[in-house]
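Student: Below: one structure in structure tokens.
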Amino acid sequence: MKYFGTTVADIFNTMPKRFKPEEAKDVDIVIGYEATGPGGGKWKATIKHGTLKVETVEGELEGCNTMIQADAETFVGVTLGKITAIDALTNQKLRVVGDVKLLMTLLPKVFIPYSIIPEKKEVTARDILSTVRDRFRADKAAGVIMSFGYDLAGEGGGQWSIIIKDGQCTVKEGLEDNLNVKMTMDASTYVGMMTGTLDAVTAFTSGKVKIDGDMMAAGATAKYFNKYVDPNAQEAEELLSLKVVTSVGMRFATGPVMGKWFAGLKEKKLLANVCPSCKRTQIPPREICAFCHVRAGEYKELGPEGTVNNYDVVYYASPDPLTGVVRDTPYAGIFVVLDGATPEDAFSFELKKEDIPRLKKGVRVRPVWAEKPKGHFSDILYFEIIS
Amino acid sequence: MKKHRKNRNVAITGIGQTALSSHKEDQNQVEMVHEAVRSALEDAKLTLDDIDCVVHGNMELFEMQFQPDMWHALGSGAYGKDEYRITTGGTTGATVVCAADNLVASGMYETVLAIGFEKLQEANTTGGITNMADPLWFRHLQTGALTATTATEMIEEFGEKRARRAAMKYRIMMDKHAMLNHRAHRRLGLEYEQMEDLMKNSPQLVGELRLIHMCSQSDGACAMIFTSEDSVKKKGTAQPPVWIRDHETSHREETMSNLFGFKKPKMTHRDCAEKLFKRNGIKDPVEYFDVFEMYDPSAWWAVDWLREFFLLKADEHLQLLESGAFDLDGKCPINPSGGVIASNPIGATAMLRPAEAAMQIRGDAGPHQIKKNVQHALASGFGGTLWTVLIMLEKDLNW
């Protein structure tokens, strides 16, 4: 059963050829695939320290860390990029049991993407002759009565007659009697002339085409028909995408207010500034209070402990904004009201990975500092839950 | 009180949009913009000679193409005309509309062409959104536009069952609308029976924000034509004119974390709606508006924001949602187009809201047209740290 011009089996058959062992040195995983419906089946791919084993499975898929399930059509569509993976995941036509980010991170790394090598379809004389009636221009052939035959030798050859009469055009197999003209040539010569790779006059003068009957009629046939267009020729249109990687180093000035904040980090202090008007604390400090429009010059150390009021536990593998490397999931961002802060001012940071299972609203947390703080955001490693 | 007076009335007289999809490899940006511009001109039965000025916008950080308006001049038709580039992040499309309205209202130009576009397939959204954050402190914490904080708050306020069902009701309602809009990007064919399955089994992105709840990344462009009341009356219009009654923009201070202290600040959505409705004497927005095209990046945000935009209290928004008031045949349908959840070409997204709302007023939206008469429409844009733009559209020039 073919979908988008290929089969599920072909995707698995080509897997060993597409495998990149050097990218899979540290990988140890067993992936189960189940393609349901016509053309489906079950496969198991074992990737272990740069080796790959692909096997078909009858019965239950066992011993897999991750399972990928889809109907065969979705499976092929997603593999070829004809169906967007995220859409298929959204409407549940594609289901991943286990680690979803595998689809977006690991698989593209260890496999060369699957693609179909397009079968170049050769145009045959029969293909061209089957379009004759559609290409016929009744307006140019009004009052014309004419019949001409083609005797085409070699592969894809045969004999055909084209009859124009009463503003109608008919194509028949075989050579009719009383043809105005008969043209004899190789089928490949005919295809070449019709697709424009061979010049008709050259073909005639070089003896590739033999004309019996009314020579003028042979020359006139072209004007009764629209030009033949090779439907495969459109594929030659070049639609490319250019791949560009942009990476630039940047420098930002802190100014005196954020300078104070970073200087505080060096001493393991979390410094807020206080609005002289509404008295709210601002962390990190801001140049003015946005509500009162006044300068906030007084500084106050907050925390370091605080209470979590909201949080995000992230499962979706998004790249680390500073390195571009996809982070390990899950990770958690927390919104903490530090001790001594006014109630509208929360501070956000990352929580220690091991503490995620205990994370809930109201838990108490404290920062864990780097050994030698140097006035940089990496001075705080993470916040941890105080048990 | 800041001075706020419109010099003259402005009408939307032409609307064009491309199909919205995840892939547009058959066109480059210039060609995609051109498709939308051409379709807006055809809609208005105008030519480029009738256009005095072009306003062009997208989120430049996404495609990393600074001054895209220069590259696009061949597709936008801006060559030799006055042109403004607007790039206000998520709100871009709505801000482009506000700017075009103001440019015509000021008397500077008779007819202005506005364009919003994005080719997210060529873009790096997480990179763009991350680089938008304050580089001194927040950039290393910012990981894109995904958050479950609203889901957590709604579950706390309304209980797990009711909150999850409300988000799924909204999501499936949007898909039902998108199924009627042939231009929409994601049309999944969801049914309400799938609610329980999806809320449990859809992959978790962040906390209770699941894949099913979140908007797409799309390619697409939208173009609109704005003309003065004088021109409309002198020259007539090919389509029924849709009048821009008023618009308002609200921003807040640029930090996200102080949204989540013990004391919650007033949301920009509510602030913006209060100002706009007060200025225009709208007492009961749910009663007044016949349609609201809302910028809804996720189902959780959408449900929560309806309370803010419509100035509702407690669970009034949930009651309206649950009773079908926001369905296509309800009292005040939300996003007949399928909304941002279905299609999200970011620079065009906030423009598609007033564009779709205007089509509803004209009555020619197609299969997703609201069946009853649409007189008054509201449209919103969203971006950054909850920036909000609200635009009011009217069928008749009678306020």
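Just so you know, all these numbers are worked out from the coordinates, no wet-lab data involved. Since the structure is predicted, the reported quantities are computational estimates derived from the model, not experimental observations. A quick note on method: Cβ atoms are made from the backbone with ideal geometry, for glycine too, and the neighbour counts reach across all protein chains shown.
Student: Tell me, what is the FRET efficiency for B:Leu48 and A:Leu239 to the nearest 0.05, using R0 = 30 angstrom and their Cβ-Cβ distance as r?
Tutor: 0.65
Student: Just to confirm my numbers, what's the Cα centroid distance between region B:1-70 and region B:156-185 in Å?
Tutor: For region B:1-70 versus region B:156-185, the Cα centre distance is 29 Å.
Student: Further, regarding this structure: In region B:269-320, how does Rg compare with the Kirkwood Rh, expressed as the Rg/Rh ratio over alpha carbon atoms?
Tutor: So for region B:269-320, dividing Rg by the Kirkwood Rh gives 0.94.
Student: Taking 7 Å along the Cα-to-C-beta vector as the label spot, tell me the A:Val326-A:Lys165 distance in nanometres, rounded to one decimal.
Tutor: Those two pseudo-labels are separated by 6.9 nm.
Student: Okay, moving on. At 222 nm, what helix-only mean residue ellipticity would chain B give, in deg cm²/dmol to the nearest 500, using -39500 (n - 2.57) for each DSSP H run of four or more?
Tutor: Roughly -11000 deg cm²/dmol at 222 nm, from the helical runs in chain B.
Student: Post the alpha-carbon centroid distance, region A:131-154 to region B:191-218, in whole angstrom.
Tutor: Value for the Cα centre distance between the two parts: 60 Å.
Student: What's the average, rounded to a whole number, of partner chain beta-carbon atoms within 10 Å of each residue's beta-carbon in A:334-347?
Tutor: 4
Student: While we're looking at this one, here's another question. Using 0.36 nm per residue of separation minus the Cα-Cα distance, give me the extension gain between B:Gln375 and B:Asp329 in nm, one decimal.
Tutor: 15.1 nm
Student: Continuing with the same structure: Please label the shape of region B:137-224 as rounded, prolate or oblate, based on the square roots a ≥ b ≥ c of the eigenvalues of the alpha-carbon gyration tensor (a/c under 1.5 means rounded; beyond that, a/b larger than b/c means prolate, else oblate).
Tutor: Oblate, because a/c is 1.5 or more while a/b does not exceed b/c.
Student: Return the distance in nm (one decimal) between the two label points of a simple spin-label model at B:Lys234 and A:Lys121, each offset 7 Å from Cα along Cα→Cβ.
Tutor: If labels sit at B:Lys234 and A:Lys121, their model points lie 5.7 nm apart.
Student: If you don't mind, there's one more thing I want to ask. Taking only Cα atoms, what is the 0 to 90° angle, nearest 10, from helix B:160-180's long axis to the longest principal axis of chain B?
Tutor: 30
Student: Right, something else. Can you quote the Å³ per residue value for the convex hull of the Cα atoms in chain A, rounded to an integer?
Tutor: Enclosed volume per residue, from the Cα hull, is 281 Å³.
Student: Another question, then. Let me know the whole percent of all Cα-Cα pairs from region A:125-230 that are separated by more than 15 Å.
Tutor: 61
Student: Here is a further query. Take the cross-link list A:Lys42/A:Lys82; B:Lys119/B:Lys235; A:Lys260/B:Lys313; B:Lys24/B:Lys283; A:Lys260/B:Lys264 and give me the ones stretching past 32 Å between alpha-carbons.
Tutor: Check vs 32 Å cut-off fails for B:Lys119/B:Lys235; A:Lys260/B:Lys313; B:Lys24/B:Lys283.
Student: Let me ask something else about it. Indicate, rounded to the nearest 5 percent, the antiparallel portion of the DSSP beta bridges found entirely in the protein assembly as shown.
Tutor: So the antiparallel bridges in the protein assembly as shown amount to around 80 percent.
Student: Another one. Helix B:149-158 against the longest principal axis of chain B: what's the angle in degrees, Cα atoms only, rounded to the nearest 10?
Tutor: The angle comes out at about 60 degrees.
Student: Please report the antiparallel percentage of DSSP beta bridges with both residues in region A:125-230, rounded to the nearest 5.
Tutor: Around 75 percent antiparallel, to the nearest 5.
Student: Also, quick follow-up: Among B:Ile346, B:Pro203, B:Gly330, which residue has its Cα furthest toward the positive end of the charge dipole of chain B, with +1 on Lys/Arg Cβ and -1 on Asp/Glu Cβ?
Tutor: B:Gly330
Student: Same structure, new question: Please state the Cα pair-distance histogram of region B:153-288 with 5 angstrom bins from zero: what percent is in each bin?
Tutor: 2, 7, 11, 11, 13, 18, 17, 11, 6, 4, 2, 0
Student: Once you have the Kirkwood Rh of region B:81-207 from its Cα pairs, apply Stokes-Einstein at 20 °C and 1.002 mPa s and quote D in µm²/s.
Tutor: Here the translational diffusion coefficient equals 115 µm²/s.
Student: Just need the relative contact order of region A:255-385 here, percent rounded to a whole number, with Cα pairs under 8 Å and 6+ apart.
Tutor: Value for region A:255-385: 24 percent.
Student: Which lysines have a Cα lying under 17 Å from the Cα of B:Lys278, excluding residues fewer than 8 positions away in the same chain?
Tutor: B:Lys2, B:Lys3, B:Lys6, B:Lys266
Student: So, one more: Restricting the count to DSSP beta bridges whose residues both fall in chain B, what percent are antiparallel, rounded to a multiple of 5?
Tutor: Once the DSSP bridges in chain B are tallied, antiparallel ones form about 75 percent.
Student: Please average, across the residues of A:300-312, the number of beta carbons from any other chain that are within 10 Å of each residue's own beta carbon, and give a whole number.
Tutor: 3
Student: Go through B:Lys169/B:Lys372; B:Lys169/B:Lys331; B:Lys234/B:Lys371 and tell me which ones have a Cα-Cα distance over 21 Å in this structure.
Tutor: Exceeds cut-off: B:Lys169/B:Lys372; B:Lys234/B:Lys371.
Student: Apply the Kirkwood formula to region A:34-125: the hydrodynamic radius equals the inverse of the mean of 1/r over all pairs of different alpha-carbon atoms; give it in Å with one decimal.
Tutor: Evaluated over region A:34-125, this radius sits at 14.9 Å.
Student: If every alpha-carbon in region B:188-232 counts as one equal scatterer, what log10 I(q)/I(0) does Debye give at q = 0.17, 0.30 1/Å?
Tutor: Log10 I(q)/I(0), no solvent term: -0.64, -1.10.
Student: Next question, about the same structure. Return a whole-number percent for the relative contact order of region A:1-79, with Cα pairs under 8 Å and 6 or more residues apart as the contact set.
Tutor: About 35 percent, as a whole number.
Student: At 7 Å along the Cα-to-beta-carbon direction for both A:Lys266 and A:Asp177, put a label point, then send me their distance in nm to one decimal.
Tutor: That separation, rounded to one decimal, is 11.1 nm.
Student: While we're looking at this one, here's another question. Tell me, what is the percent relative contact order of chain A, built from C-alpha pairs under 8 Å that lie six or more residues apart?
Tutor: Over chain A, the number comes to 9 percent.
Student: Could I ask something else about it? Calculate the translational D of region B:1-88 in whole µm² s⁻¹ from Stokes-Einstein, where the hydrodynamic radius comes from the Kirkwood formula applied to all Cα pairs, the temperature is 4 °C and the viscosity 1.567 mPa s.
Tutor: Translational diffusion coefficient: 88 µm²/s.
Student: Please sort by residue number the GluC sites (Glu not before Pro) in region A:293-379 whose DSSP state is loop and whose Cβ has at most 11 other Cβ atoms within 10 Å.
Tutor: Answer in residue order: A:Glu371.
Student: Given B:Ser228, B:Leu259, B:Ile51, which one lies farthest toward the positive end of the charge dipole of the protein assembly as shown, if we put +1 on the Cβ of every Lys and Arg and -1 on the Cβ of every Asp and Glu?
Tutor: B:Leu259
Student: Please determine, in degrees from 0 to 90 and to the nearest 10, the orientation of helix B:268-279 with respect to the longest principal axis defined by the Cα atoms of chain B, where the helix direction is its Cα long axis.
Tutor: Value to nearest ten degrees: 50.
Student: Across peptide B:41-52, how many C-beta atoms of other chains are within 10 Å of each residue C-beta, on average?
Tutor: Mean inter-chain Cβ contacts per residue within 10 Å come to 0.
Student: On average, how much area does the Cα convex hull of chain B cover when viewed from any direction, in nm²?
Tutor: For chain B, averaging the hull's shadow over all directions gives 18.7 nm².
Student: A follow-up question, please. Please list log₁₀ I(q)/I(0) at q = 0.11, 0.14 Å⁻¹ for region A:255-385, using the Debye equation with identical point scatterers on the alpha-carbon positions.
Tutor: -0.42, -0.67
Student: Could I ask something else about it? Report Rg(Cα)/(2.2 N^0.38 Å) for the protein assembly as shown, keeping two decimals.
Tutor: Rg over 2.2 N^0.38 Å, computed on Cα atoms: 1.16.
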